[in-house]
Structure formats: C-alpha cells, structure tokens
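Take a look at the structure below.
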Amino acid sequence: MKNKELKILLSAPRGFCAGVERAIEIVEKSIQKYGAPVYVRHEIVHNKFVVDDLKSKGAIFVEELEEIKDKTRPVIFSAHGVPKKIPEDAKDYNMTYVDATCPLVSKVHREAENLHRAGYHLILIGHQNHPEVIGTMGQLPKGSIDLIQNEDEAKKYNTENKKISYVTQTTLSVDDTKDIIKILKDRFPNIREPAKEDICYATTNRQMAVKNIAKECDLFFVIGSRNSSNSVRLVEVAKKSGCLNSQLIHSQSKIPFDLIENSNTIGISSGASAPEILVDNFINELKNRFTVSIDEVEIIKENVVFKVPKKLN
C-alpha cells in the first residue's frame, strides 16, 4: 500500500539553534581537551539522542555536583543555565568547570542582576521547575524574584513593591507571553520591560515558521523531547494556528500511520535541541509507506553562531 500520496510541508528554520550547537561543541571539545570522562550537570540540551551520543563519546550526566565521584574531572553546565550557587560550589570543590549556558540565557541573567541592583523587584515569566527558570531565579537573592506562569497568575499577582520589572524564559510561546505581559502592564502601568525581548530568535523563528504552514496541514508533527520547552510550545503553536491534530514525536513515540493514512498534507518541524537526523529518519519511515513529495517552506535564513569559550580552542 505505497501508492497513497502524501505531501510534506517541512518547516524552516527548524532544529538546532546556535546555543544548542555551541553547547554540544563544548562537550565534544572538552572531551578532546581533557580526555574522558567529562561530567555534565543536567542534560546538556533536552534531547535523548544527543545525550546518548555524547555518553558514547565519554560524557557522564549528573543532576548535582555531589554525584560526581572524581572531582578532579571537569564538569560542564548545561545550555539552560545554572543558579549562581553552582559555579561557587564547583570552586569550593576545586573543580574545573566549563559553562555552556546559552549566551541568550546569560543575557537574561545579567539583565535580572542589573535590575535587582537598580532596586527593582523582578517577575520572571516562565515555567516552574524548568532548568532555565531555576537558573534565572538562582541569580538573585531569595524573595527578590517571583515566577508567573500564565494569565491567571498574572491577574492574581500582588506586590507591595513600587518598582517592578519583568524578564522571561527564552523558550516560551511568543503569543502566550504577549497576553501575560499585557495583563501585567494593565495592572502595573509603571512596570519596566526588557530593553530587548528575552524570547530568543530561534524560538521566535521556529514558531513563526510553524504558524506559516500549520493551517494548510491535516496533521502536524514536531520532532523533539517531552522535556524540551521549545518543542512542546511548537505543538501548541501549530494547534492554535489551525492544525488541531498536532503532536510531539519523541524517542518513545509510535508513528501514528493510521492518522497519516487519512491525511493529504502533513507538516513537520523540530525543536531547537533536536538533530536533523531525527527528522530524516521520520521522513524515511513515511517514504517506506507512502509516495512522498516534500516542500521545504523557509521564512527566514538563520546565520547566528556563538563561539565556544577560548580555553577549549
């Protein structure tokens, strides 16, 4: 039954962003420089394929520094960023560390610190327990930054502080944050906003690319991990943009061939931590069963590159 014709609209840009490429390169170059093993605190990026590949090259993943048996080995901090306390702990342990925090996340960290120093009480728009949120909140003393996750919390938020400001997680839905920010501005007209939006270029571009084609699709697939914030947001964006049958394809997913059988046009994108090989593998599975035509729809060319730390070159 291979004669069923299937049109694929391939969303572009998709997949790896500059921060993810840099983080993976940092782990690989650290292994080259220091030998194996090197330790990585938290998944370097949220993708099982990437993590497994780096494990095979000599990386050992831990959640906390205490778990590292051999403290003479280097440790790398993930792209999501870490609370201030973590590098301090590494210094106390006399550990060599390499910080792979995405530069766009570091920008939010510096922004939060500067606002705190200027006497502002901070609001962080983000998702609880996401490592990026833990890292950003961990830049400031306890009690000086509050988390708001949705419009409801924005409506209920109260503070005695006269000077308030907000920053956001870099991987949120552009539209959702817009609504939360509007509520905060209506309620606190003097709230200070970031000089430049915190949501990163890659998140924005991938969401715009999905929006651009979702309404033409009967089904939409986002290749990415369940704990990848930007991948989960892409599924939401596809649904809101006109393709209600949108779903995440992660490492444990079964491809829903029965649904695809009843579709003429499917959309495909991938999260910022998903390697292109996973998209290729998915498309090859479809080619085994259907007569496939692929149309790549690119809305913007990305040419952002972040350099790895000098000590690894």
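Brief remarks on what is shown
- Taking the numbered list (1) among the charged types (D, E, K, R); (2) surrounded by 19 or more Cβ atoms within 10 Å (Cβ to Cβ); (3) part of a loop (DSSP other than H, G, I, E, B) in turn, K196 passes all entries but (2).
- One residue alone among K182, K142 is basic (K, R) and either assigned to a loop (DSSP other than H, G, I, E, B) or buried (at least 17 other Cβ atoms within 10 Å of the Cβ) (or both), and that residue is K142.
- Some residue of the range 301-313 being touching a residue at least 60 places away in the same chain (Cβ under 8 Å), crowded, with 19+ Cβ neighbours inside 10 Å and more than 22 Å from the chain's Cα centre (by Cα): no
- Residue satisfying condition, being modelled with pLDDT of 95 or more and not in a loop (DSSP other than H, G, I, E, B), within set S253, S225, S231: S231
- Of L172, L184, all but one fail to be closer than 30 Å to S144 by Cα and within 16 Å of the chain's Cα centre (by Cα); the exception is L172.
- Apart from one condition, V297 fits all of (1) under 23 Å from the mean Cα position of the chain (by Cα); (2) in contact (Cβ under 8 Å) with a residue 40 or more places away in the chain; (3) surrounded by fewer than 16 Cβ atoms within 10 Å (Cβ to Cβ); (4) under 30 Å from G119 (Cα atoms); the exception is (4).
- I213 satisfies every condition listed in (1) surrounded by 16 or more Cβ atoms within 10 Å (Cβ to Cβ); (2) touching a helix residue (DSSP H, G or I) at 6+ places or on another chain (Cβ under 8 Å) except (2).
- Note on the range 102-130: residues that are in contact (Cβ under 8 Å) with a residue 60 or more places away in the chain and under 15 Å from G19 (Cα atoms) amount to 6.
- Residue check, V167 in contact (Cβ under 8 Å) with a residue 40 or more places away in the chain, among the aliphatic types (A, V, I, L, M) and not in a helix (DSSP H, G or I): yes
- Where a residue in the range 240-251 is touching a residue at least 40 places away in the same chain (Cβ under 8 Å) and its partner, wherever it lies, is of a type in the set (F, W, Y), with Cβ under 8 Å and at least six apart: S251/F49
The values are calculated or read from the model by the stated rules, or taken from the named source; none is laboratory data. Just so we're clear, the structure is a prediction, and the values are computed from it rather than from any experiment. Don't worry about glycine lacking a Cβ; one is built from the backbone with ideal geometry, like all the others, and counts go over all protein chains shown.
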